[in-house]
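What follows is one structure encoded as structure tokens, with my remarks underneath.
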Amino acid sequence: GAVVSQHPSRVICKSGTSVKIECRSLDFQATTMFWYRQFPKQSLMLMATSNEGSKATYEQGVEKDKFLINHASLTLSTLTVTSAHPEDSSFYICSARDGSKLFFGSGTQLSVL
Amino acid sequence: RKEVEQDPGPFNVPEGATVAFNCTYSNSASQSFFWYRQDCRKEPKLLMSVYSSGNEDGRFTAQLNRASQYISLLIRDSKLSDSATYLCVVNGEDGTLTFGKGTMLLVSP
């Protein structure tokens, strides 16, 4: 079945640094990928939709200058959390559609000190 | 009204019990429905799609009630390994997926 690979699985960083998270579709091409954030005991919240070759579409309340998304190829989307602060600490998950099915990356636990 | 609502639980049940979760959705134009399972700090994994006629996969049965705008998941003969959070996911007419907050299930020996 389709696989979505997400790296890194865990990041601990100092406040003010930038963190890049990669999401790859391993055996299918994904023109669209999705980035979610999940706080403890909360639901997955869609942050943005990443479109290959064009600008990402951000959900209301998500700062596009803080959460930079690049989808340069059909198999890779990256999310960069710029100047991360403790309130950005969360579980970030990407997903991609293969046909009608949605597959998720394994998630990245970001902890900002 | 929230778009997708679930009882957060936790539902504490003994092994072998039958347990059911409901999920309500607000958008009557929603197209498709899913149940995902999520273990702590892991990615959600598709458990099963929910079809209008209802569908069964082993110990799991999913049903959809469009008139009342809810879907349900029934788990029979609960196993310890069923302990997880079960997410209700609704696919809108625009293709947007909306997740419920999930229902936590704890199966004890």
Quick check on segment B:36-53: of everything there that is at pLDDT 90 or above and touching a Ser or Thr at 6+ places or on another chain (Cβ under 8 Å), which residue is farthest from residue A:93 (Cα to Cα)? B:50
Between a residue in segment B:1-26 that is without any contact (Cβ under 8 Å) to a residue 40 or more places away in the chain and any residue that is surrounded by 13 or more Cβ atoms within 10 Å (Cβ to Cβ), which pairs come within a Cβ distance under 9 Å, given they are 6 or more apart or on different chains? B:1/B:24; B:1/B:26; B:2/B:24; B:2/B:26; B:2/B:100; B:2/B:101
In the set A:53, A:105, the lone residue that is loosely packed, with under 14 Cβ neighbours inside 10 Å and out of contact with any helix residue (DSSP H, G or I) (no Cβ under 8 Å at 6 or more places or on another chain) is A:53
Considering only strands (runs of 3 or more DSSP E) fully contained in segment A:50-113, which possess at least 1 residues that are under 24 Å from residue A:14 (Cβ atoms) and touching a residue at least 60 places away in the same chain (Cβ under 8 Å)? A:76-81, A:90-98, A:108-112
With criteria (1) within 22 Å of residue A:39 (Cα to Cα); (2) more than 13 Å from chain A (Cβ to nearest Cβ); (3) open to solvent by 40 Å² or more (accessible area, probe 1.4 Å), residue B:104 comes up short on (2)
Within segment A:7-50, track down each residue that is touching a Ser or Thr at 6+ places or on another chain (Cβ under 7 Å), open to solvent by 70 Å² or more (accessible area, probe 1.4 Å) and hydrophobic (A, V, I, L, M, F, W, C). A:12, A:26, A:39
Picking from B:21, B:33, B:11, which residue would you name as being more than 13 Å from chain A (Cβ to nearest Cβ) and open to solvent by less than 30 Å² (accessible area, probe 1.4 Å)? B:21
Checklist (1) without any contact (Cβ under 8 Å) to a residue 12 or more places away in the chain; (2) hydroxyl-bearing (Ser, Thr, Tyr); (3) part of a strand (DSSP E or B) applied to residue B:72, failing item: (1)
If you go through segment A:1-49, how many residues are in a loop (DSSP other than H, G, I, E, B) and in contact with a Leu (Cβ under 7 Å, 6 or more places away or on another chain)? 6
Which one is nearest to the other protein chains (Cβ to nearest Cβ) among residues in segment B:87-101 that are closer than 14 Å to residue B:24 by Cα and assigned to a strand (DSSP E or B)? B:99
What are the residues in segment B:36-57 that are more than 13 Å from chain A (Cβ to nearest Cβ) and in a loop (DSSP other than H, G, I, E, B), if any? B:52, B:53, B:54
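The values are calculated or read from the model by the stated rules, or taken from the named source; none is laboratory data. Being a predicted model, the structure only gives us computed values, none of them experimental. Neighbour counts run over all protein chains shown; Cβ positions are idealised from the backbone, glycine included. Note: areas computed on protein heavy atoms with side chains; ligands, DNA, RNA excluded. Shrake-Rupley method; radii C 1.70, N 1.55, O 1.52, S 1.80 Å.
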